[in-house]
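Undergrad: I'd like to ask you about the structure that follows.
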Amino acid sequence: MRTAGRNHLYVPGPTNTPDRILRAMVVAQEDHRSPKFPELALSVLNDLKKVFKTTAGTIFTFPASGTGMWEAALTNTLSPGDKVLCSRFGQFSHLWADMTQRLGFEVQVIDVEWGSGVPYDQYEEVLRADKEHKIKAVLACQNETATGVTSDIGRVRKAIDNANHPALLMVDTVSSLVSIDFRMDEWGVDCTVAGSQKGFMLPAGMGILGMSPKALKAMETSKSRRCYFDIGDMQRSNVNGYFPYTPSIPMLYGMREALDTIFEEGLENVFARHEYLARGVRAAVLEGWNLKLCANDEQWYSNTVSAIVVPEGFDAARVISNAYARYNLSLGAGLSKVAGKVFRIGHVGDLNALSLMSAIAGAEMSMLDNGIKVTPGSGVAAASTWWRTHAPNEG
Ligand SMILES: *Cc1c(COP(=O)(O)O)cnc(C)c1O
């Protein structure tokens, strides 16, 4: 059966793709070894540096998703048996820790309550105690998408520096880059992992990895087996504007257009817009519906995704399935430990206040359908009051 009207896509990735980016991707295929090709490739690789806020680092792209870049970061810099410090407070930080272990590295995991973020002080303690510098890398998830928790990467850097520790800092920015401020050079991030389908507003399919000079240096002594994700191969082709294998041409044109879109709005304005929109959503949840966020303290609130806890005795999965079936609204599911307990509203990418209103209204209708006693209209009222009385960029 045909469903009229657009699907209201409010999962935290893939996100809505602006029409101009969709159009930019409808292109004839072309020769990726042509003399003209490097123009496109080099412009994309160079301009990506601006959104990573790096001049010292090098950006690599792979036909992959963010998960592939987790692997590339680890295998290009570490050797089997190397010790890695990480923390787990949601499904994505869990999966990266799990991958690190499965790839043969020795993982020290600090488990943190889901709803909190990177344990800065514990990181510092562990690193201080590691007098022989056995720990070779420290992992941090800037935005834990499963719980809607953002950590302060500057504070992670500080923890490492306070301990005077030489470990590499690897950061997952898959659901934060281009939406929440990230500063690769200033925060001394060595490996930055990103993907195309969240803040970049593109389909999934391009993994993006930022490598600092220190990370590239670590590559020289890293003994991990790698082939497809070998950065050395990539680097040798990239310097001339080519790739060691066939790149996705539409994806490169899409990324070119996405970067132009972002620069036209202004990167800092994009961050401000995400914060402004997120605050309206939080007003709906906390003041309108009187519900709780999974993020258990203001310091962790995410500007790209809110995980909303349904009251005891209700199943969040039914709120989500009903919203889809009845209102053509896609909400994010509760993953793993929080399955059935939370639903998520993704507020990342190409959005404005009124497009987000559909997510708030639809979530509210679906909660009411499921017997959750929120006051009809309360979420919309709280969000509208917030958005009407504030502006982005007001500081
Ligand atoms: C989406 C996401 C990933 C996984 O990325 P894929 O592109 O699906 O492989 C990793 N980390 C975080 C924080 C994410 O939000």
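No lab work stands behind these numbers, since they all come straight from the coordinates. In this text the structure is predicted, and so the values were computed from the model without any measurement. Counting neighbours? That spans all protein chains shown, and the Cβs are built from the backbone with ideal geometry, glycine included.
Undergrad: For Ile110, list long-range residues whose amide hydrogen, built 1.01 Å from N in the peptide plane, is under 5 Å from its own amide hydrogen.
TA: Excluding prolines and chain starts, which carry no amide H, the hits are Cys86, Ser87, Arg88.
Undergrad: With the cut-off at 28 Å, tell me which of the pairs Lys83/Lys158; Lys50/Lys134; Lys49/Lys198; Lys83/Lys217; Lys53/Lys158; Lys53/Lys217 have Cα atoms farther apart than that.
TA: On the way: Lys83/Lys158 20 Å; Lys50/Lys134 33 Å; Lys49/Lys198 17 Å; Lys83/Lys217 18 Å; Lys53/Lys158 18 Å; Lys53/Lys217 20 Å.
Among Lys83/Lys158; Lys50/Lys134; Lys49/Lys198; Lys83/Lys217; Lys53/Lys158; Lys53/Lys217, the Cα-Cα distance tops 28 Å for Lys50/Lys134.
Undergrad: Name the trypsin sites (Lys or Arg not before Pro) in segment 161-235 that are in a loop by DSSP and that have at most 12 other C-beta atoms within 10 Å, would you?
TA: When the trypsin sites (Lys or Arg not before Pro) of segment 161-235 are filtered for loop state and at most 12 Cβ neighbours within 10 Å, Lys223, Arg225 remain.
Undergrad: Considering the zone a paramagnetic label at Tyr324 would reach in this model (a point 7 Å from Cα along the Cα-to-Cβ line), which residues of segment 3-19 have amide N under 19 Å from it?
TA: Hits in segment 3-19 for Tyr324 at 19 Å: 3-17.
Undergrad: Gap in Å between the Cα centre of segment 341-367 and the Cα centre of segment 185-238?
TA: If you average the Cα positions of each part, the centres end up 33 Å apart.
Undergrad: Rounded to the nearest 0.05, what FRET efficiency do Lys373 and Thr3 give with R0 = 35 Å and r taken as the Cβ-Cβ distance? Could you check?
TA: 0.75
Undergrad: A further question follows. I want to make sure I understand the PRE zone here: with the label point 7 angstrom from the Cα of Gln235 toward its beta carbon, which residues in segment 60-81 have backbone N atoms less than 19 Å away?
TA: 60-63, 69-80
Undergrad: In percent, what relative contact order does the chain have, based on Cα pairs under 8 Å that are 6 or more apart in sequence?
TA: Reported as a whole number, the value is 23 percent.
Undergrad: So if each residue of separation counts as 0.36 nm, and I subtract the Cα-Cα distance between Asn164 and Val27, what length gain in nm does that give?
TA: Here the segment from Asn164 to Val27 would lengthen by 44.3 nm.
Undergrad: From the residues Ile320, Cys294, Val270, which one has its Cα farthest along the dipole of segment 253-326 in the positive direction, the dipole being from +1 and -1 charges on Cβ of Lys/Arg and Asp/Glu about the Cα centre?
TA: Of the options given, the answer is Ile320.
Undergrad: For segment 157-219, count all C-alpha to C-alpha pairs, find those more than 19 Å apart, and express that count as a whole percent of the total.
TA: 36 percent
Undergrad: Related question: Rounded, prolate or oblate for segment 305-395? Axes are the square roots of the Cα gyration tensor eigenvalues, ordered a ≥ b ≥ c, and the cut-off for rounded is a/c under 1.5.
TA: It comes out prolate by the Cα gyration axes.
Undergrad: Over segment 75-233, with a single point scatterer placed on each C-alpha, what log10 of the ratio I(q)/I(0) does the Debye formula yield at q = 0.10, 0.14, 0.17, 0.19 1/Å?
TA: Calculated log10 I(q)/I(0) at the listed q: -0.33, -0.67, -1.03, -1.31.
Undergrad: Mind checking the full-extension length gain between Asn296 and Glu113? Use 0.36 nm per residue of separation minus the Cα-Cα distance, one decimal, nm.
TA: Contour length minus the Cα-Cα distance gives 65.0 nm.
Undergrad: To continue, here is another question. For a Förster distance of 25 Å, can you work out the FRET efficiency between the beta-carbons of Thr55 and Gln101, rounded to the nearest 0.05?
TA: Values: r = 34 Å, r/R0 = 1.37.
In this case the efficiency is close to 0.15.
Undergrad: What translational D, rounded to a whole number of µm²/s, comes out for segment 5-95 from Stokes-Einstein when the hydrodynamic radius is the Kirkwood one over Cα pairs, at 25 °C and 0.890 mPa s?
TA: 141 µm²/s
Undergrad: Round to the nearest 0.05 the FRET efficiency obtained for Ser79 and Lys131 when R0 = 25 Å and r is the Cβ-Cβ distance.
TA: Approximately 0.80, to the nearest 0.05.
Undergrad: Which length gain, in nm to one decimal place, applies between Leu286 and Asn269 when the Cα-Cα distance is subtracted from 0.36 nm times their residue separation?
TA: Full-extension gain reported as 3.6 nm.
Undergrad: Using the scaling law 2.2 N^0.38 Å as the reference, what is the normalised Cα Rg of segment 255-316?
TA: 1.45
Undergrad: Quick check on the chain: take the gyration tensor over C-alpha atoms, sort the square-rooted eigenvalues as a ≥ b ≥ c, and tell me if it's rounded (a/c under 1.5), prolate or oblate.
TA: Oblate is the answer for the chain, as a/c is 1.5 or above yet b/c matches or exceeds a/b.
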